[in-house]
Amino acid sequence: MPDVSATVDTPDGTVEFDHRPTTDQSFENALAKARDGTRLTVDDAVELFTTGTDRDSIDHRRKEQVLEAADRRRAEVVGDEVTFVANLNNNVTTACNTGCLFCNFKDRSEQFRSEYQEDHGGFTKTPSESREIVRDALDRGIYEVCSVSGLHPALALDDEHREILEASDRGDLNYRSPGEYEKDPATYCEQLSAMNVGGVHVHSMTPEEAYHARRGTDWSYEEVFSRLQDAGLDSVPGTAAEILVDEVRDVICPGKIRTDEWLEAMEAAASVGLDMTSTMMYGHVENERHRALHLQRIRDLQDRTGAITEFVPLSFVHEETPLYERGMVESGATVDEDELLIAVSRLFLDNVDHIQSSWVKYGDTQGLKMLTCGADDFMGTILSEEITKRAGGDYGEFRSFQEYADMITAIGRTPVERSTDYEQRRVIDSDADVLGPQLGPRADGTPLIE
Ligand code: SF4
């Protein structure tokens, strides 16, 4: 069997996982259940992920059967539409001490302190800077601002939280006063209310950020999310999920909250009326049973809340990560694994309507292929501050409506602009002369970038 890791070598020795990808189920039975829409078990998912635990490697004929079943299910659930959203990424800071071994985004927060003189390449934005960036993008036609940041030690939920943190003599709270840093990120509530301009949809505050926003208090997650909602939060990204199995988290992100706490935070967000997305970051040290258990936890969460709008598989990018540099992984997932991950997610998550293909992770060609493996959403434009500043220059990761329309119609599907919650949809007329967003509060159909 390929890519099956029951152990992982770490600098501190070999870790042996309790969860193994073995089952008493057969591939044929699992496939039959998938085809007729019977709710799948974790063992079924392991059989589908591995194309049969009776095989030593991926069986390509069986893989095609799984992909076909998923594509058929996608057509039954959501039809031929391929959706995407006009959105902006505005991350507040790259300062973080959490030390996740798969992350190359964070910059150690010590480097952001006033006394540190060398250039560190990271950034922190003040609320007024965030507001200006969002306002500019709103004029260009975005519907949503997505904001996910490092856990900067000076970030507090609000003024009351800051007072508690300032008064505490606990040394384990990952807190320092804003005055110690070259730039003050202010509070989460101030940042959110700054970004909450002109009716834009504010998508922010992962469970990990919500944990940071209540550290040192006995406030419930409901309390935290209520305050964030009052400040302008509209929905929550279900990132920081990685793999929701603690024996994997212990290896790749020991500084992060545990599975139960992640689920508790998400349930709390749903209970105060916030929609949320869900994710899985796979293709590092985990095996197929971990992936299946993760899907089960997401499906159970959705049974309890009904608040999950989409599931977003995130294929691990190994370059420049500590996991790779320390020799704990040699690469990320294979293309076969990526395709099976999308397909099995579609088949297993019978209560989540939308599965996303991330063109940032998979690239354009493979990203489009994923739309025939069970996915129906093609992410967002992810305009960024740098792009709006350099309009007409290097677009970086930005994707225009014209490109979306061309790519989606080329595979015989219907391009559709959507709102974050998928409630508003607009079929794109790919024959129109100029293609731009129309759902954002200030969108008028002109392209985001001329
Ligand atoms: S918490 Fe987020 S930003 Fe910080 S190290 Fe982990 S993944 Fe990176």
Candidate cut points under GluC sites (Glu not before Pro) in the range 285-391, DSSP loop plus at most 16 other Cβ atoms within 10 Å of their own Cβ, are Glu319, Glu320, Glu330
GNM of the chain, Cα pairs under 10 angstrom: of Gln111, Gln356, Gln191, the biggest fluctuation goes to Gln111
Quick numbers on the chain, Rg and Dmax over C-alpha atoms in Å, give 21.8, 64
Listing Phe311, Phe123 by rising number of other beta-carbon atoms within 10 angstrom, fewest first, gives Phe123, Phe311
Within the range 132-210, DSSP-loop GluC sites (Glu not before Pro) with at most 15 other C-beta atoms within 10 Å are Glu182
Computed from the beta carbon distance with a Förster radius of 60 Å, FRET efficiency for Arg258 and Asp431 to the nearest 0.05 stands at 0.70
The range 339-362 and the range 72-89 have their Cα centres apart by a whole-number Å value of 11 Å
A correct fewest-to-most ranking of Asp71, Asp275, Asp9 by other Cβ atoms within 10 Å would be Asp9, Asp71, Asp275
In nanometres, the difference between 0.36 nm per residue of separation and the alpha-carbon distance of Ala6 and Asp159 is 50.4 nm
Quick note, the range 155-309: a/c under 1.5 would make it rounded; otherwise a/b > b/c is prolate and the rest oblate (a ≥ b ≥ c, C-alpha gyration tensor); here it is oblate
Per principal axis, largest first, the Cα atoms of the range 221-324 extend in Å by 41, 27, 20
Averaging 1/r across every pair of distinct alpha carbons in the range 176-232 and inverting yields a Kirkwood hydrodynamic radius, in angstrom, of 12.4 Å
Inter-part gap, Cα centre of the range 1-70 to Cα centre of the range 139-195, in whole angstrom, is 42 Å
Most packed first (mean Cβ within 10 Å per residue), the peptides 13-19, 133-139 order as 133-139, 13-19
Once Ser128 and Glu450 are pulled to full extension, the length gained, defined as 0.36 nm per residue separation minus their Cα-Cα distance, is 113.3 nm
Around Asp303 (Cβ within 12 Å, Cβ-to-Cβ, excluding Asp303; K/R +1, D/E -1) the net charge comes to +1
Note: Glu16 to Asp139 extended length (0.36 nm per residue) minus current alpha-carbon separation gives 39.0 nm
Where a ≥ b ≥ c are root eigenvalues of the Cα gyration tensor, a/c under 1.5 meaning rounded, otherwise prolate if a/b exceeds b/c and oblate otherwise, the range 1-134 counts as oblate
Per the beta carbon screen (other Cys under 4.7 Å), unpartnered cysteines of the chain come out as Cys96, Cys146, Cys189, Cys373
In the range 79-427 the DSSP beta bridges are antiparallel at a rate, in percent to nearest 5, of 15 percent
Exposure-ranked with fewest Cβ neighbours within 10 Å first, Asp59, Asp44 stand as Asp59, Asp44
Those trypsin sites (Lys or Arg not before Pro) from the range 317-361 that are DSSP loop and have at most 15 other Cβ neighbours within 10 Å turn out to be Arg326
Taking a ≥ b ≥ c as the square roots of the Cα gyration tensor eigenvalues, with a/c under 1.5 meaning rounded and otherwise prolate when a/b beats b/c or oblate if not, the range 4-76 comes out prolate
Burial-style ranking of 168-176, 440-448, average other-beta-carbon count within 10 Å with highest first, yields 440-448, 168-176
Projected onto the charge dipole of the chain (unit charges on the beta-carbon of Lys, Arg, Asp and Glu, signs +1, +1, -1, -1), the Cα from Cys100, Met266, Val66 with the largest positive-side position is that of Val66
Check: in the chain the Lys pairs 8 or more apart or on separate chains whose Cα atoms fall under 28 Å apart number 18
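Computed from the coordinates by the stated procedures, all read-outs in this text should not be read as laboratory data. These numbers were taken from a predicted model, which means no experiment stands behind them. Positions of Cβ are backbone-derived with ideal geometry, glycine not excepted, and every protein chain shown enters the neighbour counts.
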